[in-house]
Structure formats: structure tokens, C-alpha cells
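Report on the following structure.
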Amino acid sequence: MTEEQQNAAVMISLSHLRIYDENDSPLVFDTSLSLHQGERLGIVGESGSGKSLTLRAIAGILPKGLHCGGQLSFPSPSGNSRLAMIFQEPATSLNPTMRMGDFVARTWRVHHPDDSKSESWEKASVLLRRVGVDHTEERMMSWPFELSGGLRQRFMIAAALATEPDVLLCDEPTTALDVRVQAQIIELLSTIVRDEGLSLIFVSHDLAVISQICDSLIVMRQGHVLETGRTVSVIRHPKTAYTRELLDADLDYRLSNMVDSTERGV
Ligand SMILES: Nc1ncnc2c1ncn2[C@@H]1O[C@H](COP(=O)(O)OP(=O)(O)OP(=O)(O)O)[C@@H](O)[C@H]1O
Ligand SMILES: [Mg+2]
């Protein structure tokens, strides 16, 4: 977080979040975070560390049966930060019988009920061009299964923008994509967050991905926060052996990718 961001308004303040399953066993222990306007905060950790549950608690969409304690507030200047969430696999959150264009246009219309169907379709096409969907009209007529994972994710980002959010919550939005497309989507999210003045919480198990987009981060493991700090400081001077392991894992992953690409002659 830069000094400027530190002085910026707090968009989300979460204190002492605890999440329990239906038998009251704790899944997330004592998570606190604050997100400032314009900040990009990463939550990183291995599978099962509580990243998604933390994000869902913030969005108010915990899975059925789970309950939580702690304090959550949105002390932004407007008093009601608008949140939009983007998930890992767009296919599962898309209606297979709805054209992709309708998905974005309908999302627009829910938030702008005075706009007609054709106005909403037009707004959707403007948003889709902004997120880099070319042959826009043709793509808008497609069904979800006809598009690549990367394109589907661009439609999800357009739908998120249709809600005119202040904060984007992303849960592994690039994990299901190959490395090249992953880099394009990260670049797109970075640009949008910057140009629209949004704030971002980005969840990933991949520290290398987080470090490309986030200026600060939280490392979680088994429901606990292990360390927090500016991304560059955490990467340069990890405080825990676990963070060092995450860094090593990323290095191994990068190296194996480099070897793969060299072998493929890329
Ligand atoms: N609906 C649920 N009911 C019971 N336990 C759950 C439920 N959802 C998640 N958990 C448990 O809570 C813990 C944290 O889950 P969470 O989904 O937040 O992990 P995560 O860090 O997002 O992992 P991943 O990287 O695999 O997505 C895990 O032990 C998981 O098994
Ligand atoms: Mg998860």
C-alpha cells in the first residue's frame, strides 16, 4: 500500500472474523483486514486455508450451514461500497441456456431498471469492448459453451462492471486458464482497477500471480493469518517459513514453465 492509499478512505473494514461449520468447529480463526480506496489486496495460501470463505464472508455469501462472528463495515465516503465478485470458473456461474450478451445486458438492467432492453444490450456491448471482446456482437450471441475460458472470464468481468462496483472481489479468477491467458486477464483486471479507481481483493494460491497485481497481501494457512504486509516486503523478507515455501513453490512452478516453453520452442 502506498502512502497515498494509506490516507485514502477505508472501503472495507473486517475485524476478528471467525467462521464455523455447522458443528461449530472453526474454519477461519481471527482474520482482520482493511481495504483502502485504490488498494489491491491479495489473499494467498494453500488449498483449504480459508481464502474463499473469508472473501465470501465479506460479500455476505457464506455457504449454507456455515456461520460467522466478528465485525464487518464499509466506511467508504458513500457509506455503501458496492461489491462485485468474480469466481474461478465462469462456466459454473453461467446459465447454459442464456446467450452471453443477455447475461451482461440483464445484469446491467437489474442495476439500471429504467433502461430498455435494447439500451441495456448496447451498454453491454460497450462494456464488452472495454474488456477486450472483439467481434462483440457475434460473441454476444454465443452460448457459454461456445467460448474459451478466457473469453468467458472477460464476459464475467463485463458483468461485474455492469453493477458499477467500488470494490472487485476476485476468487482465483485466472486459476482455470493457461499461463498466457492468465497473464492477459491479470493485465486487464489491473488496467480496469486503475482506470476505474476501484479497490480490489484478489484471492489466489499462487504468490506469483498475487505479486503481479497486488500491492499488499495477507498470507493464510489453516484458517489463520500468518503475515500481512506490502507485497514487495513480504516477497523480499518473508517472516515465516511457510511464506518462504510459497515463494519456493512459485519458483519451481516458474522454472518448470520455462522448461516447458523452451521445449515447445515458445
Ligand atoms: N460449505 C462448507 N462446509 C464445511 N466446510 C467447508 C465449507 N466450505 C469450505 N469448508 C472448509 O473450510 C476450509 C477453508 O475453505 P476455503 O474454501 O475457504 O479454502 P481456500 O483457501 O479457498 O482453498 P482453495 O485454494 O482450495 O480454494 C477448508 O478446510 C474447507 O474444507
Ligand atoms: Mg478457494
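The values are calculated or read from the model by the stated rules, or taken from the named source; none is laboratory data. Source: prediction; values computed, not measured. Heads up, the Cβs are rebuilt from the backbone with ideal geometry, glycines too, and the neighbour counts pull from every protein chain shown. Quick note on the areas: whole protein, heavy atoms, side chains included, nothing else; ligands and nucleic acids left out. Shrake-Rupley method; radii C 1.70, N 1.55, O 1.52, S 1.80 Å.
Couple of notes before you dig in:
- Hits in segment 73-85 - residues which are away from ligand 1 (no atom under 16 Å from the Cβ) and either hydroxyl-bearing (Ser, Thr, Tyr) or in contact (Cβ under 8 Å) with a residue 60 or more places away in the chain (or both): 73, 74, 75, 76, 77, 78, 81, 82, 83, 84
- Search result, residues across segment 100-126 that are part of a loop (DSSP other than H, G, I, E, B) and open to solvent by less than 70 Å² (accessible area, probe 1.4 Å): 112, 115, 116
Yes/no per residue for (1) without any contact (Cβ under 8 Å) to a residue 60 or more places away in the chain; (2) under 21 Å from residue 225 (Cβ atoms); (3) more than 16 Å from ligand 2 (Cβ to nearest atom); (4) assigned by TED's automatic domain parsing to the domain that holds residue 210:
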{"residue": "21", "(1), (2), (3), (4)": "yes, yes, no, yes"}
{"residue": "26", "(1), (2), (3), (4)": "no, yes, yes, yes"}
{"residue": "45", "(1), (2), (3), (4)": "no, yes, no, yes"}
{"residue": "52", "(1), (2), (3), (4)": "no, yes, no, yes"}
{"residue": "70", "(1), (2), (3), (4)": "yes, yes, yes, yes"}
{"residue": "87", "(1), (2), (3), (4)": "no, no, no, no"}
{"residue": "105", "(1), (2), (3), (4)": "yes, no, yes, no"}
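- Residues that are open to solvent by less than 10 Å² (accessible area, probe 1.4 Å) and assigned to a helix (DSSP H, G or I), drawn from segment 160-191: 160, 162, 185, 186, 189
- From 221, 230, 244, residue being within 16 Å of ligand 2 (Cβ to nearest atom) and open to solvent by 50 Å² or more (accessible area, probe 1.4 Å): 221
- In segment 1-98, counting only helices (runs of 4 or more DSSP H) that sit wholly within it, the ones holding 3 or more residues that are open to solvent by less than 60 Å² (accessible area, probe 1.4 Å) span 51-59, 90-93.
- Which numbered condition residue 131 misses (of (1) under 18 Å from the mean Cα position of the chain (by Cα); (2) more than 16 Å from ligand 1 (Cβ to nearest atom); (3) open to solvent by 60 Å² or more (accessible area, probe 1.4 Å)): (3)
- Scanning segment 200-211 for residues that are in contact with a Ser or Thr (Cβ under 8 Å, 6 or more places away or on another chain) and either of a type in the set (Phe, Trp, Tyr) or more than 13 Å from ligand 1 (Cβ to nearest atom) (or both) yields a single hit, 211.
- Condition broken by residue 204, with the remaining ones in (1) away from ligand 2 (no atom under 16 Å from the Cβ); (2) closer than 14 Å to residue 55 by Cα; (3) of a type in the set (S, T, N, Q) satisfied: (1)
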